[in-house]
Amino acid sequence: MAKLVAGNFKMNKTKKEAEDYCAELLTLLGKGYNNFLICPPYTLIECVKRSLNGRGAVGAQNVALAESGAYTGEISAKMLKDVGADSCLIGHSERRHIYGETNDDIAKKLNLVQKEGLKTILCVGETLEEHRRLKSVLESQLSVLNDKDLTNIIVAYEPVWAIGTGKVATSDDIIKAHTIIKKYVKDKFNSEISILYGGSVKPENISEILALGVVDGVLVGGASLDAKKMAQMIKSAK
Ligand code: PGA
């Protein structure tokens, strides 16, 4: 089965750049590849959705902590759905570390996104300093899943020290973390969950990462901004 390649544009691209990107991506892919998700900035969700012409899926990178009201500058889950988002990243490490998002915030966001029926990609991962406590750090981040229906949720394991640094986690690191996550979900829910790996994924290393049995797809930042690299990665994941 094809594995998912999710691209996180972070705070990059204008409307024209996004339209050109989607057109180039679709041309490079030709027919038959739908195993991808693009998470552009809020301002481009509608544009990317339209430009992809029914191919792949579109997601947001974040969501507000409330359903509506006096929250200047925020965007709700309902608004994301309204402009065509299929899914939403929650708890990306940049949200946790730059904006101080806590597990409590992430649990609330998860509820709001689920209520709108959007697919959720819950991002978890340890800092270098937390690496020796990997199991307890991941389990605490995963605790936001407790009492949730997992049908519409996937997890992305992204070691913070591998994001945007060019340092990819070793196969052993990835297997270890993904096994902890799978066991947590099995023990708590008696069920399974898809897990993406993220952190300096690029065309040169994607095949090796996806060949690890425990990896169901990838979440890509930097390399996803280039349509040629994105197309190459989507094809390798088929
Ligand atoms: P990167 O980012 O691929 O640039 O390391 C990954 C991410 O932040 O999701």
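Key figures for this structure:
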| item | result |
| --- | --- |
| Top-ranked residue of the stretch 179-202 - restricted to ones that are open to solvent by 20 Å² or more (accessible area, probe 1.4 Å) and under 19 Å from the mean Cα position of the chain (by Cα), ranked as nearest to Asn35 (Cα to Cα) | Ser194 |
| Flag for Gly213 being more than 25 Å from Thr151 (Cα to Cα) and open to solvent by 10 Å² or more (accessible area, probe 1.4 Å) | no |
| The stretch 80-110 - residue that is within 13 Å of Ser143 (Cα to Cα) and either touching a residue at least 24 places away in the same chain (Cβ under 8 Å) or small (Gly, Ala, Ser) (or both) and, of those, nearest to the ligand (Cβ to nearest atom) | Gly91 |
| Subset tally (residues that are over 18 Å from the mean Cα position of the chain (by Cα) and either open to solvent by less than 50 Å² (accessible area, probe 1.4 Å) or on the phi > 0 side of the Ramachandran plot (or both)) for the stretch 130-142 | 3 |
| Test: Ile98 is open to solvent by less than 50 Å² (accessible area, probe 1.4 Å) and among the aliphatic types (A, V, I, L, M) | no |
| Within the stretch 1-93, helices (runs of 4 or more DSSP H) holding 3 or more residues that are open to solvent by less than 10 Å² (accessible area, probe 1.4 Å) | 15-29, 45-52 |
| Out of Ala227, Ala169, Ala223, Ala156, sole residue that is within 16 Å of the ligand (Cβ to nearest atom) and modelled with pLDDT under 95 | Ala169 |
| Cross-chain or 6+ apart pairs with Cβ under 8 Å, the stretch 165-179 first and among the hydroxyl-bearing types (Ser, Thr, Tyr), then open to solvent by less than 70 Å² (accessible area, probe 1.4 Å) and away from the ligand (no atom under 16 Å from the Cβ) | Ser171/Leu212; Thr179/Val214 |
| Flag for Ile209 being within 16 Å of the ligand (Cβ to nearest atom), in a helix (DSSP H, G or I) and closer than 12 Å to Ala6 by Cα | no |
| Asp104 vs. criteria over 22 Å from Val218 (Cβ atoms) and at pLDDT below 95 | no |
| Set Leu118, Leu128: member being over 18 Å from Gln61 (Cβ atoms) and either within 15 Å of the ligand (Cβ to nearest atom) or at pLDDT 95 or above (or both) | Leu128 |
| Output for the stretch 144-178, where each listed residue is in a helix (DSSP H, G or I), among the hydroxyl-bearing types (Ser, Thr, Tyr) and surrounded by 13 or more Cβ atoms within 10 Å (Cβ to Cβ) | Ser171 |
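The values are calculated or read from the model by the stated rules, or taken from the named source; none is laboratory data. Quantities reported herein were computed from a predicted structural model and do not represent experimental measurements. All Cβ positions, glycine included, derive from the backbone under ideal geometry; neighbour counts span all protein chains shown. Calculation scope for accessible area: heavy atoms of the full protein, side chains included, ligands and nucleic acids excluded. Shrake-Rupley method; radii C 1.70, N 1.55, O 1.52, S 1.80 Å.
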